[in-house]
Amino acid sequence: MAEARSGPTVGQIVLGLRLRELRERAGCSFAEAAAALSVNTTTVRRMEKAEVGLKPLYVKALLERYGVRAEEAESFLRLVDEANRPGWWHRFRDVLPDWFSLYVSLEGEASLIRAYEPHCVPGLLQTAGYARALLRTGFPGASEEELERRVALRMERQELLSRPRAPLLWAVVEEHVLRRRVGTCSEMLEQIDRLIEATQLPNVTLQIMPFSAGPHPGMFGPFQLFRFEIPELPDIIYAESLTGATYLDERPDTVAYLEVLDRMGTQAASAQDTEALLGEIRKELTA
């Protein structure tokens, strides 16, 4: 039985895909790979999908079975050790659901994040006050300590936007998100100011979907698309529900979501008009 663990890291996903490529290149079936480990085929399949941790001894035996040269195998095993190290978010495992830890790993490795948000300001652009008020509503039974842990996690995630080689963030947000007061008036004003500042960042594009735009193709719910510079990784879609999340990486799915994002991008207010609309909302809050 596989040991309990949090969601896989991006490194584990990539190495799983490389193991699959090596097996196929060697002309090795799942049954033959499993025989080399004295396990069932399900274990090999789950290793390739990063559904279980990559045990170095198992990986070493597979690399030998696939005829990988010693020098290449040694390099691969070093990558396994690196991939198995807990990410920084492991410190927040007490407030981080397993299904969301993969999201944080994907977010941290993405070169492009495209998002549609019909309910609240995207987490990467939230202020602490806005996030706190939002989380207090979402977790009404949480203690103040737990609440602050969740806020701290969200704030630490935002550091990726200012790091070297920061990802591009392109978000479409519904107008009513910015007109729905979350927290106090001053907290909401602070949040609008944060969004105005974000529009000036070279790696952030924010578009508001105004009321006047009418219906659009993304109205089924919030989602994000992650794109990576890592050759092995395809685009990945994340769609969240009340108690979990769905991750999609099959090309027909990701292409469908990408087309919806493109169509919404042409229907939403331009970046310049978005700045003007944010200014109008700010004036209303201070009136």
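Things worth noting here:
- Filtered by the rule that a residue be assigned to a loop (DSSP other than H, G, I, E, B) and surrounded by 16 or more Cβ atoms within 10 Å (Cβ to Cβ), the stretch 235-287 gives ASP235, ALA268, ALA269.
- Check on GLU71, part of a helix (DSSP H, G or I) and modelled with pLDDT under 95: yes
- All of VAL52, VAL95, VAL59, VAL104 fail the test of being in contact with a helix residue (DSSP H, G or I) (Cβ under 7 Å, 6 or more places away or on another chain) and over 30 Å from SER241 (Cα atoms), apart from VAL59.
- Yes/no for THR127 being within 30 Å of GLY221 (Cα to Cα), open to solvent by 80 Å² or more (accessible area, probe 1.4 Å) and of a type in the set (Ser, Thr, Tyr): no
- Residue check, GLU82 charged (D, E, K, R) and surrounded by 19 or more Cβ atoms within 10 Å (Cβ to Cβ): no
- Selection status of LEU77, out of contact with any Asp or Glu (no Cβ under 9 Å at 6 or more places or on another chain), closer than 16 Å to LEU15 by Cα and not in a helix (DSSP H, G or I): no
- Condition met for ALA256 (within 27 Å of LEU96 (Cβ to Cβ), small (Gly, Ala, Ser) and modelled with pLDDT of 95 or more): no
The values are calculated or read from the model by the stated rules, or taken from the named source; none is laboratory data. All of these numbers come straight from a predicted model, not from anything done at the bench. Every residue, glycine among them, receives a Cβ derived from its backbone with ideal geometry; neighbour counts consider all protein chains shown. Ligands, DNA and RNA are excluded from the accessible area calculation, which covers all protein heavy atoms including side chains. Shrake-Rupley method; radii C 1.70, N 1.55, O 1.52, S 1.80 Å.
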